[in-house]
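The values are calculated or read from the model by the stated rules, or taken from the named source; none is laboratory data. Quick caveat, the model's predicted, so the values are computed rather than measured. Methodologically, a virtual Cβ is constructed for each residue, glycine included, from the backbone with ideal geometry; neighbour enumeration extends over all protein chains shown.
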């Protein structure tokens, strides 16, 4: 087995591109290498990088987040999803030692230490020669418990530049150079797409990923990477949960170019709780599929205003269903879609209209980062399923929009203790059986929201004393 963490000295060093390239190269086989099963992971809250890593590896990417999960749960998550893979690749976020607190307890280095992972350090080498040596030496000396097993030089200015850096690193350090990636206009273009265009949005994603895989395989020593990341220690997964014996419920999930932000473990948890998921496309489907509950996750609806507005039949169907009592959960982009309208770049488009407010896009983030919420008494799932109802919820938000014009008597599911939410004090608009929030939840021990939502849907079915709530007239 092979396991490693890819980090960098600072953000925007190109580690996401290299991580995607390595996942693609190792999983498909390059330069005489056999194809290997690669399990990708991403540190911290992120939807976009995991989408690309999932496509590159052919396996769902799972997030590992200190703010959301305690250490023991992170180790369980890593073992559960990585035990049957030949390669476990963890992409870090920001720099190796960057973090929220002075001690670095939630840094990439802390995750490498917790999971006993060697670190492959991606270094943006533009403009550097001899100065790269003290950088590497300093990163080694800062925490002797972290094993920097190799470096990949990125954005090199040519073969002479590469030769100088290799000579300096070999002379002053004991860290092997396992890759040297030249400055590449094609890779630079692809890297811009990574942040702007999630993999679910474009048919070009697989072509981009194949191109990255070829270039990285040509410039990184895959044999050396596998050698420094080899381990004989097997991962032991936790015991699987007992199968759910309750009657399944059908949950319709919007999953398309406009809405694709779903954590893989949330989808797993929905299935484990007894949800039969059926996906629909907000841009092309005229009606909701028959369902007992509705989930609309995050995404970039502002980038698809024309298509969303043009699909008036689906918008009307969703509004009728929610106003008719369909249990519904929407996060961020989903909240925006359910509002009356979205205004962006001088264009105003009609949306579903079930939320009596309008969305305005802004040049800078309105809410960004981790949030802490307390569920109010009106929260519809507060007492559903298991878990301590009064425990604060740790989650995250990232939105450039605001929800304006809500009535003064709007009901909310959450009080915001940290973060912004809808208005800096509240989040989770409540209407009918709809909960729509800017916050992104994640299924963990302290926030088993999929099980609670599924139980809520079951309770609504019992209350209605019928098989399902109709989604169409």
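All but one of (1) surrounded by fewer than 24 Cβ atoms within 10 Å (Cβ to Cβ); (2) on the phi < 0 side of the Ramachandran plot; (3) modelled with pLDDT of 95 or more hold for residue 386, so report the exception by its number.
Result: residue 386 passes all but (3).
Taking region 107-127, which residues are at pLDDT below 95 and out of contact with any strand residue (DSSP E or B) (no Cβ under 9 Å at 6 or more places or on another chain)?
127
May I ask you to verify whether residue 439 is touching a strand residue (DSSP E or B) at 6+ places or on another chain (Cβ under 8 Å) and either modelled with pLDDT under 95 or closer than 23 Å to residue 355 by Cβ (or both)?
Details: touching a strand residue (DSSP E or B) at 6+ places or on another chain (Cβ under 8 Å): yes; either modelled with pLDDT under 95 or closer than 23 Å to residue 355 by Cβ (or both): yes.
Here the answer is yes, as residue 439 does meet what is asked.
Within region 103-119, does at least one residue satisfy the condition of being more than 29 Å from residue 176 (Cα to Cα), buried (at least 18 other Cβ atoms within 10 Å of the Cβ) and in the same structural domain as residue 178 (by TED's automatic domain parsing)? Break it down stepwise before answering.
Our first condition is that a residue be more than 29 Å from residue 176 (Cα to Cα); within region 103-119, this holds for none.
Checking region 103-119: not a single residue is more than 29 Å from residue 176 (Cα to Cα), buried (at least 18 other Cβ atoms within 10 Å of the Cβ) and in the same structural domain as residue 178 (by TED's automatic domain parsing).
For residue 242, are the conditions met, namely being more than 29 Å from residue 23 (Cβ to Cβ), without any contact (Cβ under 8 Å) to a residue 24 or more places away in the chain and outside the structural domain of residue 69 (by TED's automatic domain parsing)?
Values: more than 29 Å from residue 23 (Cβ to Cβ): yes; without any contact (Cβ under 8 Å) to a residue 24 or more places away in the chain: yes; outside the structural domain of residue 69 (by TED's automatic domain parsing): yes.
Taking the combined requirement at face value, the residue satisfies it.
Could you tell me whether any residue of region 233-241 is over 26 Å from the mean Cα position of the chain (by Cα) and either modelled with pLDDT of 85 or more or farther than 24 Å from residue 26 by Cα (or both)? Steps first, answer last, please.
So the first thing to find is which residues in region 233-241 are over 26 Å from the mean Cα position of the chain (by Cα), and the list is 233-234.
Next, from what is left, pick out any that are either modelled with pLDDT of 85 or more or farther than 24 Å from residue 26 by Cα (or both): 233-234.
Looking for residues that are over 26 Å from the mean Cα position of the chain (by Cα) and either modelled with pLDDT of 85 or more or farther than 24 Å from residue 26 by Cα (or both), one finds at least one in region 233-241, hence yes.
Just checking: which of the strands (runs of 3 or more DSSP E) contained wholly in region 1-90 hold 2 or more residues that are under 20 Å from residue 262 (Cα atoms)?
Values: elements: 2-8, 38-43, 62-64.
So the answer is 38-43, 62-64.
Please tell me if residue 349 is modelled with pLDDT of 95 or more, touching a helix residue (DSSP H, G or I) at 6+ places or on another chain (Cβ under 7 Å) and surrounded by fewer than 21 Cβ atoms within 10 Å (Cβ to Cβ).
Considered against the rule, which asks whether it is modelled with pLDDT of 95 or more, touching a helix residue (DSSP H, G or I) at 6+ places or on another chain (Cβ under 7 Å) and surrounded by fewer than 21 Cβ atoms within 10 Å (Cβ to Cβ), residue 349 comes out as yes.
For region 319-364, which residues satisfy the criterion of being in a helix (DSSP H, G or I) and without any contact (Cβ under 8 Å) to a residue 40 or more places away in the chain? Full working, then the answer.
In the first step, residues of region 319-364 are kept if they are in a helix (DSSP H, G or I); the result is 319-323, 333-338.
Selection gives 319 alone.
What strands (runs of 3 or more DSSP E), lying completely within region 256-312, carry at least 3 residues that are within 20 Å of residue 461 (Cβ to Cβ)? Steps first, please.
Numbers: elements: 259-261, 275-280, 293-296.
Hits in region 256-312: 275-280, 293-296.
For region 113-135, indicate whether the set of residues that are in a helix (DSSP H, G or I), closer than 24 Å to residue 396 by Cβ and in contact with a helix residue (DSSP H, G or I) (Cβ under 8 Å, 6 or more places away or on another chain) is non-empty. Break it down stepwise before answering.
Of all residues in region 113-135, those in a helix (DSSP H, G or I) come to 113-115, 132-135.
Now drop any that are not closer than 24 Å to residue 396 by Cβ, which leaves 113-115.
Okay, now just the ones that are also in contact with a helix residue (DSSP H, G or I) (Cβ under 8 Å, 6 or more places away or on another chain), so 114-115.
Yes: one or more hits.
Tell me, which residue of region 306-346 that is touching a helix residue (DSSP H, G or I) at 6+ places or on another chain (Cβ under 7 Å) and under 22 Å from residue 198 (Cβ atoms) is surrounded by the fewest Cβ atoms within 10 Å (Cβ to Cβ)?
Across region 306-346, the extreme among qualifying residues is 344.
I need a count of the residues in region 7-29 that are buried (at least 19 other Cβ atoms within 10 Å of the Cβ) and farther than 21 Å from residue 81 by Cα. Even if it seems obvious, please write down each step before you answer.
Narrowing region 7-29 to residues buried (at least 19 other Cβ atoms within 10 Å of the Cβ): 7-9, 13-28.
Add one more test, that the residue is farther than 21 Å from residue 81 by Cα, and what stays is 8-9, 13-15, 17-18.
Matching residues across region 7-29 total 7.
Conditions (1) under 14 Å from residue 45 (Cβ atoms); (2) surrounded by fewer than 24 Cβ atoms within 10 Å (Cβ to Cβ); (3) touching a residue at least 12 places away in the same chain (Cβ under 8 Å); (4) assigned by TED's automatic domain parsing to the domain that holds residue 143, marked per residue:
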| residue | (1), (2), (3), (4) |
| --- | --- |
| 66 | yes, yes, yes, yes |
| 73 | no, yes, yes, yes |
| 79 | no, yes, yes, yes |
| 89 | no, no, yes, yes |
| 96 | no, no, yes, yes |
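Among the candidates 137, 156, 123, single out the residue that is more than 28 Å from the chain's Cα centre (by Cα), buried (at least 18 other Cβ atoms within 10 Å of the Cβ) and farther than 26 Å from residue 59 by Cα. Walk me through how you get there before you give the answer.
Values: 137 fails: buried (at least 18 other Cβ atoms within 10 Å of the Cβ); 123 fails: more than 28 Å from the chain's Cα centre (by Cα).
Just a single option satisfies the conditions, and that option is 156.
Check off (1) buried (at least 16 other Cβ atoms within 10 Å of the Cβ); (2) not in a loop (DSSP other than H, G, I, E, B) for residue 417 and give me the number that stays unchecked.
Condition not satisfied by residue 417: (1).
For residue 37, indicate whether it is touching a strand residue (DSSP E or B) at 6+ places or on another chain (Cβ under 6 Å) and in the same structural domain as residue 222 (by TED's automatic domain parsing).
Working: touching a strand residue (DSSP E or B) at 6+ places or on another chain (Cβ under 6 Å): no; in the same structural domain as residue 222 (by TED's automatic domain parsing): yes.
So residue 37 fails the test.
Could you list, in sequence order, all residues of region 31-50 that are farther than 21 Å from residue 96 by Cβ and surrounded by 22 or more Cβ atoms within 10 Å (Cβ to Cβ)?
38, 39
Regarding region 426-442, can at least one residue be identified that is without any contact (Cβ under 8 Å) to a residue 40 or more places away in the chain and assigned by TED's automatic domain parsing to the domain that holds residue 334?
The answer is yes; a qualifying residue exists.
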